[in-house]
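The values are calculated or read from the model by the stated rules, or taken from the named source; none is laboratory data. For clarity, every value in this text was computed on a predicted model and none was experimentally measured. Cβ sites come from the backbone with ideal geometry, for glycine too, and all protein chains shown count toward neighbours.
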């Protein structure tokens, strides 16, 4: 198709068209370059983002471990204080029980403790161990009375026992009915109840 008209005008139009196409091409090229640059930046930031995510995850784990450890330590301290309270209560109880040794009813208490142990053991030959301080209770009459009541042969032996008595069979089965042993058994049975009373 032949071109008609002023050659300058035609050149001008061609130049403008070429310039528009060149501008468009430059713009597309710049956009493509920007897009590639953005993708490159994102790719470069990925390891950093992944490292940050790993660091956050590790920090969360450490925080949970520290929190868990702190909670365990707090529980341990609470249990320790509770145990201290229980031990203190039973220590005071032991002191009060020791005062029974000075009471007029103490021989009857000893009699009952020996009777309980002998009945539990069910043997006809028993050895009764008692504290030296209680020797004045274990008179010939006391020994005869308890032997007759229990219908068994009893041997009496002084030992270092803080109140109460320990009864042994001929086969060395032991029923420890000393004050300290009875309180230990009681402590095991009523520990939670004592704590509940103390902490309410």
Index of the failed condition, residue 28 passing every other in (1) at positive phi; (2) at pLDDT 75 or above: (1)
Qualifying residue in segment 2-18 (condition: surrounded by 10 or more Cβ atoms within 10 Å (Cβ to Cβ), closer than 30 Å to residue 197 by Cβ and without any contact (Cβ under 8 Å) to a residue 40 or more places away in the chain): no
Given (1) within 32 Å of the chain's Cα centre (by Cα); (2) without any contact (Cβ under 8 Å) to a residue 40 or more places away in the chain, number of the condition residue 93 does not satisfy: (2)
